[in-house]
Amino acid sequence: MQREERLQQIVKLVGPDVLPDNQKLILFIAEVIKDGFLAQSAFDTNDAYCSPEKQVTLLRIMLGLYHRGRDLIQQGVPLALVRGMECVSEILRAKSALSNKELDKLADIDKRMNEEADKISQQYVKGTSCYG
C-alpha cells in the first residue's frame, strides 16, 4: 500500500500512461484490496462481520492475484489481460457475496484464478492466441 501511495503521487504529476505495467499492477491490486477487502458495509449481512478465516483467505487470494499478475507481466502479457480476468469481479464481490461459512467457495475462486492465469500464460507464451 505504501508503494501504491508513491505511485499515485507520480500518476498525479505525469499521468498513468508513463508507468510500466508492473507498476500499474501495484495500483490495480491496491484498488482490489481497498474495494474488496478494506471497505466494509455494516448494512450487508455477509460483510457486517467477517471471520478471521474469511479475511485471511480473501487477502491470500488477492495477494495470489498480484503474484500471478506479476508473473504474467514478466512474461510479456499486457496488464489489460490481467485486469480482464473473469475471477477479478468474483474476488471483488466475494466479501459480500459469500458468508463466513463458505470458505470452500473462496477456495474455488482461488482455483479458478490460478487456472485462468495458467491459461493466459500458456496461450500468450505459445503465441496461439489473439492476445498479442
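Based on what the data block shows, is Leu38 loosely packed, with under 13 Cβ neighbours inside 10 Å, under 24 Å from Ser96 (Cα atoms), modelled with pLDDT under 95 and within 14 Å of the chain's Cα centre (by Cα)? Considered against the rule, which asks whether it is loosely packed, with under 13 Cβ neighbours inside 10 Å, under 24 Å from Ser96 (Cα atoms), modelled with pLDDT under 95 and within 14 Å of the chain's Cα centre (by Cα), Leu38 comes out as yes. Are there any pairs with C-beta distances below 8 angstrom linking a residue in the stretch 16-42 that is touching a residue at least 60 places away in the same chain (Cβ under 8 Å) to a residue that is in a helix (DSSP H, G or I) and among the β-branched types (Val, Ile, Thr), with the two at least 6 apart or on different chains, and if so which? Final answer for the pair search is Val32/Val88; Val32/Ile91.
The values are calculated or read from the model by the stated rules, or taken from the named source; none is laboratory data. The structure displayed is predicted, hence computed values, not measured ones. Please note: Cβ atoms are built from the backbone with ideal geometry, for glycine as well, and neighbour counts cover all protein chains shown.
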